[in-house]
Amino acid sequence: MSDHDYSKRPNKVTYCSKCVYPSLAVYITMEEGNVCSGCRVSGQKGGIDWEERQKLLIETIKESKIKSGANYDCIIPVSGGKDSYFQTHFIKNVLGFNPLLVTYHGNNYLPEGEYNLERMREVFGVDHLIFRPSTSLLIKMNRAGFKLQGDMNWHAHCGIFTYPVQIAVKFKIPILIWGEHGPTDLGGQVSLHDMIEMSARKRLEHDLRGFDWYDFVGLEGIKEEELLWAKYPSDEELEEIGVRGLYLNNFLQWDANKQVMLVMEQYRWKAADQEFERTYRKFSNLDDMHENGIHDYMKYIKFGYGRATDHASKDIRLGKLTRAQGVEMVKKYDHVKPRRDLERWLKYVNMTEEEFDTIADTFRDPRVWWQENGVWKKDNLWD
């Protein structure tokens, strides 16, 4: 994007009339009355027979196990976060299945996140595999991901959506149970009536932003043999086992606020002790301390909005915030450059702030940003 002309002011961005998403937000389309696709799809929840959906989930898991003869009923990819706890609670303690928990560990857990993760096998009485790439590789992946695509956490997206699938193939466990399908929950990418499942295409195009392990070989001295965990199984391997990735939000009415209260009360799950610099929620993304900080700041640099917009839009749809309150959250948090988090990450990867800013600016979207006298500018409906 560095070749773009940033001297011209782009057209004004429109915003959803119900939530606080801009029209340029990822997966969003604006529809009649400037209502975004995310709000429209969220409105479908009340018209779905969730009892029938739950029966379908039970039948799918049972039929799959009968065909495969697996020792485990399914795999649940977990980070130890609120969704991981709720997924395991629902599959193990509500439906009565025996899951295998599988974790990709990206090395930057918050202390509360590490505490939650380590307790899962104890509080749920399940087996749990945790894979931890070497620290030296993860530091190189942070640097390479930031330089290549402005995403220092690409390795985590890849690990989360690859390693559990490798385990599914290795142990012949066909069903993986994911939490919410983010593009649908946030942006209304597809209808809840479509009941989308995870696929190799979805992993590559959406979760991995079009990049794969081979794009990192040679960057920062990374070798192919260091990325074995990042190689997705072949179509033939997936078809032989019959691997399917199901999203739990297609089978029950997803409400993160209610679910986090449940796991805190029943399993003593811990939210973050310290306030985040870029959002008001304290119970999201504890598996990487930079996810809500410098990683999310790059989202703001790229697209002009951040995680406070995501969280406020979710809470508006759930009736927890009014739109006016959501706007205040966006005004308070979205623009903040996270000093505490940036300092820690720069030290982690041995980079100067000047180098960081120079690289970050190359990823600014010219549909959002322009320059006046060397200062970056963007439009906001509420400025």
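The numbers here are math on the coordinates, done by the rules we state, and not lab data. Remember, predicted model here, so these are calculated numbers, not experimental data. Note that each Cβ is placed from the backbone with ideal geometry, even for glycine, and that neighbours are counted across all protein chains shown.
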Starting from 0 in steps of 10 Å, tell me what percent of the Cα-Cα pairs of region 1-82 lands in each bin. 13, 21, 25, 21, 13, 7, 0
Modelled FRET efficiency - R0 25 Å, GLU224 with GLU355, Cβ distances, 0.05 increments: 0.40
What's the whole-number percent of alpha carbon pairs in region 49-250 lying beyond 30 angstrom? 20
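Of the listed peptides 157-166, 323-332, 123-132, what is their order by residue-averaged count of other C-beta atoms within 10 Å, with the highest listed first?
Averaged packing, sorted descending, gives the order 157-166, 323-332, 123-132.
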To the nearest 10 degrees, the tilt of helix 111-124 (Cα long axis) against the first principal axis of the alpha carbons of the chain is 20
Karplus couplings for region 366-377 from phi (6.51 cos²θ - 1.76 cosθ + 1.60, θ = phi - 60°), rounded to Hz, Gly and Pro as x? x, 6, 10, 9, 9, 10, 10, 6, x, 10, 6, 10
Output the 0 to 90 degree angle, nearest 10, between the alpha-carbon long axis of helix 339-349 and the longest principal axis computed from the alpha carbons of the chain. 70
With θ taken as phi - 60° and the coefficients 6.51, -1.76 and 1.60, list the Karplus ³J(HN,Hα) couplings across region 182-196 in order, rounded to whole Hz; mark glycine and proline as x. x, x, 7, 5, 7, x, x, 4, 9, 6, 5, 6, 6, 6, 4
I'd like the per residue volume of the convex hull spanned by the Cα atoms of region 301-365, given in cubic angstrom. 98
Hey, got a sec? Which trypsin sites (Lys or Arg not before Pro) in region 1-94 land in a DSSP loop and have at most 16 other Cβ atoms within 10 Å? LYS8, LYS12
Provide, in order from the shortest bin, the percent of all Cα-Cα pairs of the chain in each 20 Å bin, continuing until the bin that contains the maximum pair distance. 27, 60, 13, 0
³J(HN,Hα), Karplus 6.51/-1.76/1.60, whole Hz, each residue of region 125-136, x for Gly, Pro: x, 10, 7, 8, 9, 10, 10, 10, x, 4, 4, 4
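At a 10 Å Cβ-Cβ cut-off, how would you order THR184, THR322, fewest neighbours first?
On the way: THR184 25, THR322 11.
Ascending number of Cβ neighbours within 10 Å: THR322, THR184.
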Over what distance in Å are the Cα centres of region 138-203 and region 247-298 separated? 17
Any idea what angle helix 323-333 forms with the longest principal axis of the chain, computed on alpha-carbon atoms, 0 to 90 degrees, nearest 10? 70
Please report, in cubic angstrom per residue, the volume enclosed by the convex hull of the alpha-carbon atoms of region 237-308. 176
Pull up all non-local amide H partners of THR103: gap of 5 or more, or a different chain, and H-to-H distance under 5 Å with H placed in the peptide plane. VAL78, LEU129, ILE130, PHE131
Mind scanning LYS332/LYS377; LYS258/LYS282; LYS62/LYS258; LYS147/LYS223; LYS258/LYS320 and naming the pairs with a C-alpha gap bigger than 22 Å? LYS62/LYS258
